[in-house]
Amino acid sequence: MTSQQHKDIDEAIGRAVYAGGLPLSIFDNNKFWETALKKLNPLYTPPTAYKLGYPLLKAEFEKVMKAADEKMENALCVSLLSDGWKDISSDKVVNVIVCTPDPIFFDAIYPGENRENSDYIGKILIDAVKKIGPPKVLIIITDNAMNMKAAWKIVIDKYKHIFCIGCAPHGLNLLAKDIMKAETFATLMKSAEKIVKKVKNKSVNLSKFKINQSRRYGKNAVNLKLPNPTRFSGSDIMLNSLEKNKAALQDTVLDEDIDIPYSVKANVLDDGFWKSLRSARELLHSITKAVNVTESDSARLSLVPRVLMDVKQSILKILPKTCLTDDEQFHIVERLRYRIRFICFDIHLAAYILDPRFRGEGLSDEEVGAGLTVIQSIAENLDLDKAKVLANVLLFKSKSGFFEHKYLWETVCEVEPSLWWQSMCKQQIASKVACRILTLVPSTAGAERNWAVYGNIHTKKRNRLKKGVSKKLVAVKSNLQLTHPHMFVQQSKRRCGSNIDFYIKEVRPGSLYATYDFNEDDDDIPLNLIGIPNNLLHVWNGTLFEREDTESDFDEVDEDDPDNVEQDSDESDTDCESDCESDASSTSSDSDDEQEDEDTTMLID
């Protein structure tokens with residue numbers, strides 16, 4: 001064996017160790033590995049933990065980061081994502097991911113003694129922009145914490161061409177949280193969680209339930225699930241799991257040998273409870289679907305307005321049929337209107353206008369104007385003639401001039417919108433703006449998914465890993481697909497093509513947050529047009545929310561801690577990639593159960 005062959009084998013083995021998240025000491029003091037490798041080649045000696053953790057890791061890290069730089073260099077523009085996390089040692093880490101639109105691990109910063117206020121976050125973002133190249137960065141996406149929003153202003157003051165927005169799935173999760181805060185639904189959720197816990201936390205109860213479940217549903221049985229504490233749209237999954245197990249649950253609570261509180265039995269056997277549960281699930285379903293789509297790798301910024309149209313229409317249609325009081329319904333409508341403004345920025349509208357699948361369909365004149373203003377701003381930054389770009393966009397929107405040819409529109413649902421512009425309309429001046437804005441992503445899901453990589457590498461058993469080594473291991477594992485794309489099979493769960501098709505083909509477009517004139521003498525016409533029930537229409541009407549005023553109305557800032565660093569804002573805790581189907585167990589004691597039985601009442605429709 002030559003020295004070069006030995007080196008090549010070391011590199012291949014090191015790459016396999018990094019990709020699998022295996023311990024660096026995997027070959028140390030392990031005679032089985034030594035024996036196995038000797039059988040392959042008696043002259044080969046596997047690398048030590050030191051060699052895997054330093055020279056080999058450094059070489060592989062440099063390779064993948066060089067590939068990452070080339071990928072970013074070839075992109076017309078990039079999205080910059082940032083999110084914070086605590087590792088197994090409770091050290092804070094700020095993750096920086098670049099999307100081209102494919103996610104690339106760019107950097108991980110350990111704040112250490114630095115306070116994560118707006119100045120510090122702003123510095124991190126500005127440093128990242130400098131390293132990438134300011135002209136390349138068009139958008140920065142973070143969560144919606146107050147320190148992040150304050151950092152946006154710092155970035156925008158330095159780089160006028162960069163847009164800063166919040167994570168769309170995060171905002172949708174907060175809308176679900178707003179809905180579930182209604183007293184009626186809060187009581188329902190408390191009762192629903194109690195049912196799941198009482199069945200799952202006692203082995204006898206769970207065994208009886210599984211027998212009934214198997215008898216009723218066979219292989220189609222669905223496990224009972226609890227929602228993730230920070231993923232509020234996951235409540236839909238818990239309610240769905242309960243509804244699918246209704247018959248098995250009723251069989252279980254009727255068993256005389258089962259030790260289940262009376263209030264739980266009463267709710268399981270009460271038709272009113274199941275009716276309330278179904279109405280809550282229907283109300284949350286459009287939000288859950290929207291979260292899943294917008295956090296996928298295939299989602300683009302232009303999809304957000306269409307998703308919000310579906311959420312708005314679904315909620316306003318279902319709301320009057322629920323068990324909620326009029327006051328609760330009015331409050332939900334107010335929060336819906338606020339969250340739409342909270343999630344959707346003018347750059348979303350610009351992308352929606354330039355997407356050949358949508359062409360701004362359903363937007364009001366004011367919304368179209370806001371989107372066109374952003375398009376002109378980007379055109380000006382690219383040294384393009386703003387008037388010519390605007391005229392070209394209007395021809396595109398109306399399918400006139402060059403865009404009247406039918407062959408152009410036959411493939412809009414089959415290819416990426418940016419590819420459509422680049423291949424079919426490359427000579428059109430608007431394509432220079434469209435090809436950039438249509439590659440932007442709508443969420444920080446790419447950054448949050450990277451925490452799973454961290455979690456698998458820096459584990460309890462490997463908590464002595466140095467920060468620099470951990471960072472390199474994460475970078476290599478995340479970016480190996482750039483140097484070895486043929487080794488990676490596309491994961492279908494990250495691609496939500498069929499769900500995106502639903503929003504393209506099935507959702508009726510409509511204005512997001514425009515005001516409406518309600519004519520009492522001809523009330524059928526506006527109601528049919530906008531789909532808002534009569535008893536909710538006056539709540540939806542009124543002046544448009546201004547973003548600054550709205551945020552101050554609903555998001556109180558702690559005067560002692562304006563950046564919300566000492567205690568995290570409840571609006572910054574949502575993890576887009578957290579497992580909704582968490583089977584977290586209850587920690588309540590039997591004495592607590594008895595007290596709950598006294599406090600919990602049956603839900604009667």
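The values are calculated or read from the model by the stated rules, or taken from the named source; none is laboratory data. Because the structure is a prediction, the values reported are computed rather than measured. Virtual Cβ from ideal backbone geometry, glycine too; neighbours counted across all protein chains shown.
Details
- Every residue from region 449-487 that is farther than 24 Å from P169 by Cβ and in contact with a helix residue (DSSP H, G or I) (Cβ under 7 Å, 6 or more places away or on another chain): I457, H458, V469, S470, K472, L473, A475, V476, L480, L482, T483
- Helices (runs of 4 or more DSSP H) wholly inside region 2-103 containing at least 1 residues that are modelled with pLDDT of 95 or more, crowded, with 20+ Cβ neighbours inside 10 Å and among the aliphatic types (A, V, I, L, M): 3-20, 49-53, 55-74
- Hey, S478 of a type in the set (S, T, Y), modelled with pLDDT of 85 or more and either over 17 Å from L22 (Cα atoms) or out of contact with any Asp or Glu (no Cβ under 7 Å at 6 or more places or on another chain) (or both) or not: yes
- Residue in region 242-262 that is at pLDDT 95 or above, among the small types (G, A, S) and in contact with a helix residue (DSSP H, G or I) (Cβ under 8 Å, 6 or more places away or on another chain) present: yes
- Lone unmet requirement of (1) at pLDDT 95 or above; (2) of a type in the set (D, E, K, R); (3) within 33 Å of the chain's Cα centre (by Cα); (4) farther than 30 Å from G510 by Cβ for K225: (1)
- Figure legend. Inter-residue proximity from region 399-411: first residues free of Cβ contacts under 8 Å to residues at least 24 places away in the same chain and under 17 Å from V389 (Cα atoms), second residues surrounded by 15 or more Cβ atoms within 10 Å (Cβ to Cβ) and β-branched (V, I, T), beta-carbon distance below 7 Å, spacing 6+ or different chains. No pairs are indicated.
- Within region 162-185, the only residue that satisfies the criterion of being part of a loop (DSSP other than H, G, I, E, B), closer than 22 Å to S79 by Cα and either outside the structural domain of T142 (by TED's automatic domain parsing) or in contact (Cβ under 8 Å) with a residue 60 or more places away in the chain (or both) is C167.
- Every residue from region 89-120 that is more than 18 Å from L301 (Cα to Cα) and touching a Phe, Trp or Tyr at 6+ places or on another chain (Cβ under 9 Å): D91, K92, V93, V94, N95, V96, A108, P111, N114, S118
- Residue under evaluation H484, criteria (1) in contact with a Pro (Cβ under 9 Å, 6 or more places away or on another chain); (2) farther than 25 Å from E295 by Cβ, criterion not met: (1)
- Hits in region 396-430 - residues which are buried (at least 22 other Cβ atoms within 10 Å of the Cβ) and polar (S, T, N, Q): S418
- Selection over region 137-161 of residues that are part of a loop (DSSP other than H, G, I, E, B) and either in contact with a strand residue (DSSP E or B) (Cβ under 6 Å, 6 or more places away or on another chain) or within 16 Å of V96 (Cα to Cα) (or both) gives a count of 2.
- Any hit, region 186-199, residues being of a type in the set (S, T, N, Q), modelled with pLDDT under 95 and assigned to a helix (DSSP H, G or I): no
- Residue within region 372-383 that is free of Cβ contacts under 8 Å to residues at least 40 places away in the same chain, outside any helix (DSSP H, G or I) and surrounded by fewer than 21 Cβ atoms within 10 Å (Cβ to Cβ) present: yes
- Filter result for E282 (in contact with a Ser or Thr (Cβ under 9 Å, 6 or more places away or on another chain), under 30 Å from I140 (Cβ atoms) and either in contact (Cβ under 8 Å) with a residue 24 or more places away in the chain or surrounded by fewer than 18 Cβ atoms within 10 Å (Cβ to Cβ) (or both)): no
- Of the residues examined, R300 is not one that is assigned to a helix (DSSP H, G or I) and either closer than 18 Å to C167 by Cα or among the charged types (D, E, K, R) (or both).
- Taking (1) of a type in the set (D, E); (2) under 23 Å from the mean Cα position of the chain (by Cα); (3) surrounded by fewer than 17 Cβ atoms within 10 Å (Cβ to Cβ) in turn, D143 satisfies each apart from (3).
- Some residue of region 117-135 being out of contact with any Lys or Arg (no Cβ under 9 Å at 6 or more places or on another chain), crowded, with 23+ Cβ neighbours inside 10 Å and either without any contact (Cβ under 8 Å) to a residue 24 or more places away in the chain or not in a helix (DSSP H, G or I) (or both): no
- Within region 337-348, the presence of at least one residue that is surrounded by 23 or more Cβ atoms within 10 Å (Cβ to Cβ), under 23 Å from the mean Cα position of the chain (by Cα) and under 18 Å from L390 (Cβ atoms) is confirmed.
- Hits in region 391-434 (condition: charged (D, E, K, R), part of a helix (DSSP H, G or I) and under 33 Å from the mean Cα position of the chain (by Cα)): K397, K432
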